[in-house]
Amino acid sequence: MSTFSMNIQSIKNEDYIIMSGVIDEDAKFEGFDKTTSSLTLDLESVEYINSCGIREWINWVEKHVVLYDEVKILNCPYNIIEVANVVASFFKPNFKVNSFYVPYYVADTDEAFYKLFIKEADYSGGKLELPEMIDTLQGKAELDVIPEKFLKFLSDFI
């Protein structure tokens with residue numbers, strides 16, 4: 001049984017959906033009608049997506065989400081970016097990624113974490129230089145992805 005849910009709101013002339021849980025074959029993209037020309041998808045609480053979930057997502061996007069003039073993606077998790085880099089139709093041309101998470105690793109403490117990168121504050125115009133090392137309370141953290149592969153999606157969706 002899927003733990004997927006969508007919290008659907010309309011805020012300031014914009015449809016706003018907070019997704020959470022696992023996007024898999026049981027995920028139901030229901031209870032949603034387009035009411036504005038702009039949609040924001042907050043994906044921060046999406047834990048995982050499997051191949052059946054990718055199919056469900058694409059079906060939903062092609063039926064409902066493409067009707068919007070603009071779709072903003074907020075708090076895009078690492079696992080969704082990995083899919084967007086491999087599945088060409090996962091994000092559509094009207095999608096814009098406004099913030100996403102990048103994995104870092106602290107070797108001294110064997111800790112991993114994700115740093116949020118925000119459009120305009122950390123990147124714009126398809127250009128982003130990920131810091132190879134950042135200072136944390138736990139020590140020096142190393143970038144835990146290959147930037148050229150991980151950021152492939154960025155130039156098309158910012």
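What follows draws every value from the coordinates through simple rules; no lab data is involved. Worth saying up front: this structure is predicted, and the values here are computed from it rather than measured. As a convention, Cβ positions derive from the backbone with ideal geometry for all residues, glycine included, and neighbour counts pool all protein chains shown.
Taking other Cβ atoms within 10 Å as a rough exposure proxy, 41, 116 sort from fewest to most as 116, 41. All other residues whose Cβ lies under 14 angstrom from that of residue 155 are scored, Lys and Arg at +1 and Asp and Glu at -1, for a net of +2. The residues 6, 133, when put in order of fewest to most other Cβ atoms within 10 Å, stand as 133, 6. Beta-bridge orientation, the chain: approximately 55 percent antiparallel, per DSSP, counting only bridges with both partners inside.
Of the residues 26, 15, 110, the one that moves most in a GNM of the chain with alpha-carbon contacts below 10 Å is 110.
Computed over the chain with a Gaussian network model linking Cα atoms closer than 10 Å, the most mobile of 33, 24, 135 is 135. Counting only Cβ charges, +1 for Lys and Arg and -1 for Asp and Glu, the dipole size of the chain around its Cα centre is about 540 debye. Across the cross-link table entries 92/149; 63/119; 96/149; 34/92, which are compared at the Cα atoms, the separations over 22 Å belong to 63/119. Ordered by the count of other Cβ atoms within 10 Å of each Cβ, fewest first, 20, 124 give 124, 20. Under 5 Å between amide hydrogens, built in the peptide plane, is the criterion, and for residue 136 it picks out 141 among residues at least 5 positions away or on other chains. Counted by Cβ distance under 14 Å from residue 55, the other residues give a net charge of -3, where Lys and Arg count +1 and Asp and Glu count -1.
Taking a Cβ cut-off of under 13 Å around residue 15, the surrounding Lys, Arg, Asp and Glu residues balance to a net charge of -2, with basic ones at +1 and acidic ones at -1.
The fraction of Cα-Cα pairs per 10 angstrom bin, counted from 0 for segment 1-55, comes to 25, 50, 23, 2 percent, rounded to whole percents.
Geometric descriptor of segment 1-152, per residue, is 130 Å³ (volume of the convex hull of the Cα atoms).
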